[in-house]
Amino acid sequence: MFGRFRRSDTSMAKFLKIILLVWMCVVIWAAIIYAPPAQMFQVESLARIMFFHIPCAMTATVLSISSAVFALIYLIKKDLTSDVKSRCAAAMATMFWLLTTITGSIFARVEWGVYWNWDVKQSAIVLLILIYAAYFALRTAIPDRRKQATIAACYSLFAAATMPFLTYVLPNAVPSLHPKNVIFSSGGMDSTYSIIFWCSTVGFLALSFWIYKLESTLEGLRLRIGIAQ
Amino acid sequence: MNEYYVLAVVLAIFVGIWLSLWNLDSKIQKLKSEMEAEHDEHDSR
């Protein structure tokens, strides 16, 4: 019975992954071909990078919060699996913050003339990447597995606590090249842009969840082998 | 024409990433089931 349940569960997962492939292909087509060029941009067609740049940032935010939640669970339960999940989420968050910076730099080169403007939001995200880089350096510096997990969990909570200040409070408090409240304000995006944008965000979140599951399963297996040894 | 070229490149990159993930997923699931079978066999002994 359990074997049959597991088989149907695997078939469902495979079906969802195929749906994700089709979903993202349609999103990419809609973003590049279907969406009309946006007004008020130096190169109007370049506004389409927003369908990838902002979802990357939103996915990174969700992953940073997930890392902190698993870190908190570890501190409460002292279960190494939660520590593994926290670390995997932090690694994924760093990757998506990096993708946000890269896509943002491409946009900045065309729109504002140079790849790097020392804009407050650009600098804040780089600071966030450095905070997460320090998280991994900290982990490798502590040889004792339990001690490493406890200190890393505390640090992960600190990293997540800095995130709202660096990505939202600070850029809204000082003048920035980035527009403010484009996504949630009524005059920010028209309906076509809004639909493609949210579909892209859902696709990016699903893709990141899949990569995260793969990474955490692999790390979980490594942990089991480590315990067995 | 230029937009279709960009579309082809982005789609190729995404499909490449998706296929790599699919392949990796199959390998990890196989490894997981092998480890579980080994574990069950060890338990039954």
- If you take the charge dipole of the protein assembly as shown about its Cα centre, with +1 on Lys and Arg Cβ and -1 on Asp and Glu Cβ, which of A:ALA173, A:PHE41, A:THR150 is farthest toward its positive end? A:THR150
- If each of A:PHE209 and A:THR10 carries a label point 7 Å out from its Cα toward its Cβ, how far apart are those two points in nm? 2.1 nm
- Item | Histogram of C-alpha separations across chain B, 5 Å bin width, % | 5, 19, 12, 12, 10, 9, 9, 6, 6, 4, 3, 2, 1, 0
- Accessible area of chain A divided out per residue, in Å², using a probe of 1.4 angstrom: 54 Å²
- Note on the structure: Looking at the range B:17-33, residues buried by 40 Å² or more relative to their chain on its own, accessible surface at probe 1.4 Å, turn out to be B:TRP18, B:LEU21, B:TRP22, B:ASP25, B:ILE28, B:LYS32
- Share of accessible surface on carbon and sulfur in the protein assembly as shown, whole %, 1.4 Å probe and ligands ignored, is 69 percent
- Query: Counting Lys and Arg as +1 and Asp and Glu as -1, each charge on the Cβ, what is the dipole of the protein assembly as shown about the Cα centre in debye, to the nearest 20?
  - Reply: 600 debye
- Note on the structure: So for the protein assembly as shown, using the alpha carbon gyration tensor with a ≥ b ≥ c as root eigenvalues (a/c under 1.5 gives rounded; past that, a/b versus b/c decides prolate or oblate), I'd call it oblate
- Query: Quick one: what do you get for the range A:14-93 if you divide its Cα Rg by 2.2 N^0.38 Å?
  - Reply: 1.56
- Task: At a Cα cut-off below 18 Å, give the lysines reachable from A:LYS147, other chains included and same-chain residues fewer than 8 away excluded.
- Result: A:LYS77, A:LYS78, A:LYS85
- Query: So how strong a dipole does chain B carry about its Cα centre when Lys and Arg Cβ are +1 and Asp and Glu Cβ are -1, to the nearest 20 debye?
  - Reply: 240 debye
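In whole percent, what relative contact order does chain A give with Cα contacts below 8 Å and a gap of six or more residues?
26 percent
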- Query: Angle, helix B:2-44 long axis vs. longest principal axis of chain B, Cα atoms, 0 to 90°, nearest 10?
  - Reply: 0 degrees
- Go through the range A:194-229 and flag every residue whose accessible area shrinks by 30 Å² or more with all protein chains in place compared to the isolated chain (probe 1.4 Å). A:LEU207, A:TRP210, A:LEU214, A:THR217, A:LEU218, A:LEU221, A:ARG224
- Item | Heavy-atom accessible surface that A and B bury in contact, both chains counted, 1.4 Å, Å² to 100 | 2100 Å²
- Query: Expressed as a whole number of Å, what is the distance separating the alpha-carbon centroids of the range A:189-229 and chain B?
  - Reply: 13 Å
- Task: Order these peptides, A:21-33, A:108-120, by their mean beta-carbon neighbour count within 10 angstrom, highest first.
- Result: A:21-33, A:108-120
- Note on the structure: Partner shielding of A:31-43, as the mean number of partner chain Cβ atoms within 10 Å, equals 1
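The values are calculated or read from the model by the stated rules, or taken from the named source; none is laboratory data. The model shown is predicted, which means the values in this text are computed figures rather than measured ones. All Cβ positions, even for glycine, are placed from backbone atoms using ideal geometry, and neighbour counts span all protein chains on display. All accessible areas refer to the heavy atoms of the entire protein, side chains included, with ligands and DNA or RNA removed. Shrake-Rupley method; radii C 1.70, N 1.55, O 1.52, S 1.80 Å.
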